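Inspection log for the structure reproduced underneath, given as structure tokens.
Since every read-out is calculated from the coordinates, none of them should be taken as a lab result. Keep in mind that this is a model prediction, so the values were computed, not measured. So basically every Cβ, Gly included, is an ideal-geometry build from the backbone, and we count neighbours across all protein chains shown.
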Amino acid sequence: MTGGHLTTRRGAMAAASLGITATAVSGLALSPARADTVAGVETDTPARAEAAPRTGRVAYECQIFSTRFRYDAEVSVRAPATAGVGDQITVAADFSDLPGVAPLPIGKWRTSGALTVAGAQSGGLPIAVPERTGPIAARAPIPIGRATGRLTLTAPGEVTLAPAAIKIVADAGAEATIDCTPVGKPAPLATVKVTESGPLEPSVSADPSTIARGAALRVTGTGWRPGDARLALCDANGAHCEPGDLTGATAAADGAGRLTGSARVARTAAAGARTLLAAQGTLSGRTPITVLADKPPPKGCGDAPRSRCVEQRLKLTVNGGPLTMSQEPGEVEMAPVTLDGTPSSSTGELRKVQVVDARGGTVGWSLTGTLTDFTSPGGTKIPAGGLTWKPRCSARSGSSPATPGSVGALGGSTAATLCGGAGGGPVVGGTYDVGAALDLKIPPATGAGRYTAVLTLTLS
């Protein structure tokens with residue numbers, strides 16, 4: 001960056017102009033500014049083929065405060081087409097927007113409700129939508145979206161799911177509840193065929209059983225429920241599974257319970273005796289595998305014959321560069337204030353500064369600043385000591401560390417540190433982004449007018 005009042009050279013001095021306006025009128029006005037766990041791996045009921053969602057119209061009678069209104073909702077329900085006794089399935093119900101009846105703007109809202117469960121088992125399935133945020137204008141439609149719930153299947157046969165009551169709690173500065181009850185008995189919008197689940201003895205095997213990091217393996221097994229399964233690589237005891245040790249893992253069982261899948265061992269996976277885990281709801285299977293450590297590359301030819309190994313020597317010269325800085329163009333415009341007979345303050349931001357240390361040595365650097373008094377054309381002043389800064393200093397990737405200076409007052413007699421890079425150890429250097437928040441205290445007895453001060457930054 002270049003421009004402004006900052007010059008770019010080692011040991012250079014740069015002046016940034018700061019301005020402030022004060023007007024002698026009364027009043028102060030600153031510028032506007034439940035999952036199961038198997039061997040440490042979270043698992044879920046195996047994913048099953050989901051039936052095509054069915055959509056229907058449901059008439060709701062709703063009430064907010066003393067106002068009643070009609071909500072002709074379009075609702076679609078999604079659920080697995082088939083599942084087994086003991087499975088816990090996820091059910092989703094999508095609702096069209098609620099009519100705009102809220103008399104005030106809504107900042108956030110949450111929706112809860114239920115689906116009626118009938119058939120092989122009966123009862124109610126609670127569903128909910130995560131809290132949503134607006135704003136929603138007064139009397140504008142309220143998006144409901146997708147409500148989900150978890151249903152544990154307890155008996156074989158067909159289980160149907162139908163929309164039931166819903167409730168929206170809206171926050172419009174204070175909470176208001178909208179209760180909606182179906183008119184009549186809504187028709188089912190999803191059916192799950194639940195099969196009797198007998199005792200399963202899942203098995204799993206891996207090919208190859210000894211594998212290098214980065215290589216792919218094939219997974220097979222028998223005795224599984226139809227649907228997806230999860231794969232993980234665990235320690236030798238089948239515990240402490242590391243999700244990142246397998247990449248591209250996928251597995252599923254067919255209608256006969258035959259499991260097939262594949263995965264690739266991550267290059268960062270720990271080597272040695274490991275366990276491959278396949279998990280499907282509360283079912284799990286394990287098989288031992290061995291992950292080979294990477295073979296280190298040979299170092300030099302050693303005793304290898306020269307007809308099969310040769311060496312070439314590479315040389316490099318690295319030349320050191322300069323220590324420089326640059327700044328974002330423009331001046332620092334402090335926030336204007338209006339005098340009211342009491343002390344006031346004005347804030348601002350130092351124009352962004354960049355320091356580049358390309359010397360390739362062990363000597364550190366320091367960026368300091370001094371400030372003149374704020375003066376106006378009428379001759380009145382605001383002392384420089386009234387300005388404090390809060391330095392910021394960050395090193396870019398690969399650079400040696402840098403430390404911001406302390407929060408404190410500026411002035412012309414003593415330089416204050418904005419940022420510095422320590423030296424004296426290993427080679428230092430890199431690129432650094434520097435800035436500071438500014439806060440000027442203004443006495444109540446200050447003349448109105450446009451004030452200017454010069455902040456000088458010195459890199460050494």
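Rounded, prolate or oblate: pick one for region 205-292, where a ≥ b ≥ c are the square roots of the eigenvalues of its C-alpha gyration tensor, a/c under 1.5 means rounded, and failing that, prolate if a/b is larger than b/c, else oblate. Prolate, since a/c reaches 1.5 and a/b exceeds b/c.
Karplus-based coupling profile of region 252-257, in residue order and whole Hz: 7, 10, 8, x, 8, x, with θ = phi - 60° in 6.51 cos²θ - 1.76 cosθ + 1.60 and x standing for Gly or Pro. Ranking of Arg68, Arg450 by neighbouring Cβ atoms within 10 Å, starting from the fewest: Arg68, Arg450. With +1 assigned to the C-beta of every Lys and Arg and -1 to the C-beta of every Asp and Glu, and no other charges, what is the dipole magnitude of the chain about the Cα centre in debye, to the nearest 20? Here the chain has a charge dipole of around 1080 debye.
Listing Cys301, Cys419, Cys234 from fewest to most neighbouring C-beta atoms within 10 Å gives Cys301, Cys234, Cys419. Among the listed pairs Lys315/Lys352; Lys352/Lys441; Lys108/Lys390; Lys108/Lys185, those with a Cα-Cα distance over 32 Å are Lys315/Lys352; Lys108/Lys390.
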